[in-house]
Amino acid sequence: MPAATRTAEGTATAAAGTRQALLSDVLTGGGLRPVYQPIVDLATGAPVGYEALIRGPRGSELENPAALFGTARRAGRLGDLDRACQAAALDGARAAGLAAPWALFVNVEPETAEAPPPGGRTGNLPVVLELTERALTSRPAQLLRLVACARAQGWRIALDDVGADRDSLALLPLLRPDVIKLDLRLVQARPTADIAAIMNAVNAEAERSGSLLLAEGIETPAHLMVARALGATLGQGWLFGRPAALPAPLPAAPDRALRLGGGAEPDPGRSPYDHVATARPPRIARKPLLIEVSKHLERQAAAAGESAVVAATFQHAGFFTPATRRRYTDLVGRAAFVGALGAGMAAEPLPGVRGGPIDPADPLVGEWDVVVGGAHIAAGHVAPAHRARGPHPHPARPLIPPHHPGQAQPRAPTPQGPHPHVP
């Protein structure tokens, strides 16, 4: 190896070691600097909250958040850094006197989505946990567990960068975010058919769930006009303020807190059938009819294409038959997400199908459910086992038949870009 190459490699190794040592100092002794960017009401221009962003020690190699988080990722300490950033953001907000009716938005790294947010630091400050849509498509089960943990602590949920990946739009009903943050591309780019389709789906979800729409990247009055036209009621961007220390004193408090009342978690002790049967009367059907209903739902999902999610339970992996496997192989190439649950089900029963075992004590193990969801479709059948009186080759089941687009969405079984600290 040439001497110049050895020298360059040695210099790079030494620099990496220096950054990792500095990271350890930051994690043990502080040095993280939270900065805050205002979030405003687009109707009035008045701030209603702040998003917390993080910078490393001033003047150091880790001051830039990309360098800071890149070093933590390579050192295997991303989770430690993420929790330290959240704690620093909360502590800085409380020290500045930020409290209700203000709201504080804090980020979580997609790769640490299993770690619960820090509790006990929020006081009476409403906190909104920001998750990127990358986490929604790459680690949905872990993300949904994190969401349940955060909501149990009283935190609300925002989904960031919505529109950067169209696949994530289909999963919005599963996450049920309180705030949908529109990717800056939707505000800053020239309008296209793709942007129109994304906004159609996002507005449909907002109307269904009551989620608030927040437009990012508003830097000019023209961007502001686009954001309002897209349906956003909240905004963020350099037009309203760059990330900085919280002002002292704080501006006049908002007249009222953000309406963040959606997203209640379902009772985990009840099955999908238990949930839906409270609103729709069940019917009795036999297996041949259920098979055809399931196929019809699968065809609806295929027609909906990349805006569809398919989640199904099969009681046992043995019921995921060769014929069903062929149909689900086709669905993988059409839908945004395909999940299959059952006792003994593998994590990936087919390439592209997210699988998972059901605990024998879970009431879900006794049901055959197929749910199709998306921005413009909510359909499914839920059918627990039920044997009719007398011998019959096909046991009968109570059936909640398919919903149709525009009706209330049934509960589905839980399936398995830019750096969040860069404004």
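The values are calculated or read from the model by the stated rules, or taken from the named source; none is laboratory data. This is a predicted model, so every value here is computed, not measured. Methodologically, a virtual Cβ is constructed for each residue, glycine included, from the backbone with ideal geometry; neighbour enumeration extends over all protein chains shown. Accessible surface is based on the protein model in full, side chains and every heavy atom, while ligands, DNA and RNA are left aside. Shrake-Rupley method; radii C 1.70, N 1.55, O 1.52, S 1.80 Å.
Working from label points 7 Å from Cα in the Cα-to-Cβ sense, the residue 286 to residue 219 distance is 6.7 nm. Packing, taken as the mean count of other beta carbons within 10 Å per residue, orders the peptides 19-25, 357-363, 67-73 from highest to lowest as 67-73, 19-25, 357-363. Using a 1.4 Å probe over the heavy atoms of the protein chains, calculate the carbon and sulfur portion of the accessible area of the stretch 225-365 as a whole percent. Its accessible area is 58 percent carbon and sulfur atoms.
For the pair residue 189 and residue 67, the difference between a 0.36 nm per residue extended length and the Cα-Cα distance amounts to 41.1 nm.
Inter-part distance, the stretch 29-79 to the stretch 302-320, computed on C-alpha centroids, equals 39 Å.
For the stretch 241-327, the Stokes-Einstein estimate of translational diffusion at 25 °C and a viscosity of 0.890 mPa s comes to 132 µm²/s, using the Kirkwood hydrodynamic radius over alpha-carbon pairs. Compared with the direct C-alpha span, the chain from residue 256 to residue 99 gains 55.3 nm at full extension, assuming 0.36 nm per residue. Each residue of the stretch 371-376 was assigned a 3J(HN,Hα) from its phi angle through the Karplus expression (A = 6.51, B = -1.76, C = 1.60, θ = phi - 60°), giving 10, 10, x, x, 5, 10 Hz with x at Gly and Pro.
Close amide H partners of residue 341, meaning residues 5 or more places away or on another chain with modelled amide H under 5 Å apart, are 312, 313, 314. Amide H contacts under 5 Å for residue 348: 355, restricted to partners 5 or more places along the chain or on a different chain, H placed in the peptide plane at 1.01 Å from N. Peptides 88-94, 291-297, 170-176, 249-255 ordered by packing proxy, namely the average of other Cβ atoms within 10 Å per residue, highest first: 170-176, 88-94, 291-297, 249-255.
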